[in-house]
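Undergrad: One structure, as structure tokens, below. Some questions next.
The values are calculated or read from the model by the stated rules, or taken from the named source; none is laboratory data. In this text, all values refer to a predicted model and were calculated from it rather than measured experimentally. Because the Cβ atoms are built from the backbone with ideal geometry, glycine has one as well, and the counts that use them run over all protein chains shown. We work out accessible area using only protein heavy atoms, side chains counted, and drop any ligands, DNA or RNA first. Shrake-Rupley method; radii C 1.70, N 1.55, O 1.52, S 1.80 Å.
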Amino acid sequence: DLIAVLNATLDTVTAESGGLSLERRPFDLAALAKEVVQERRPQAAAKGLELAIHVDEALSDGQSGAVVADALRTRQILTNLIDNAIKYTVRGRIEARLEQLADNRVRLEIADTGPGLTADELELAFHPFQRIARTGAGISGAGLGLSLSRRLALLMEGEVSAESAVGVGSCFRLD
């Protein structure tokens, strides 16, 4: 946990100072998403959670789901979002969904049946070093994952956004 916090802190500082270099190349986002979900399934199963992925048929041919971005940083964002869903979801299901948007962009959603957040909590969750007391008690982390993910997405001309409802769950998106 300490190493993960240190790495996230270093990435955050580097990104904020403009010193983070990105390698923009085409890659298959559907394959990357499937790989990350597969890697995280044991962690989810250990908590009794189902972790599933749904890839829009239009993106599953290995060509149509290609995006131009930094594959390593995209993996980092996706891992942050799935790890958060696993951390904060006590029971139920987490689903990764990949779909083509009308404006020639691709959307990756991570939806969970976790505790959900109020609008104010959701806003706060994207600020560096901020933790939500109601949902984060006893859970490790420094409160950097979402803010770093948002910054990385912006550097790749993308966006991380979310919607949530208390008692229902949350859905985080990477466009």
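Undergrad: Please work out how much length the chain gains when fully extended from Ala119 to Leu154, using 0.36 nm per residue of separation minus the C-alpha to C-alpha distance, in nm with one decimal.
TA: Answer, rounded to one decimal: 10.4 nm.
Undergrad: While we're looking at this one, here's another question. If you take the beta carbon distance between Lys47 and Val168 as r and set R0 to 22 Å, what does 1/(1 + (r/R0)^6) give as a FRET efficiency, to the nearest 0.05?
TA: According to the calculation, E is roughly 0.75.
Undergrad: In nm, give the distance between the simple-model label positions of Arg93 and Asp56, each being 7 Å from the Cα along the Cα-to-Cβ direction.
TA: Those two pseudo-labels are separated by 2.0 nm.
Undergrad: With a 1.4 Å probe and all protein chains kept in place, how much accessible area does Glu159 have, in Å² rounded to the nearest 10?
TA: 90 Å²
Undergrad: Follow-up. Keeping all protein chains in position, work out how much accessible area Thr74 exposes to a 1.4 Å probe, and write it in Å² to the nearest 10.
TA: The value for Thr74 is about 10 Å².
Undergrad: Can I ask one more? Please compute the net charge surrounding Gly48, taking Lys and Arg as +1 and Asp and Glu as -1 over other residues with Cβ under 15 Å from its Cβ.
TA: Spelling it out: positives minus negatives among the neighbours equals +4.
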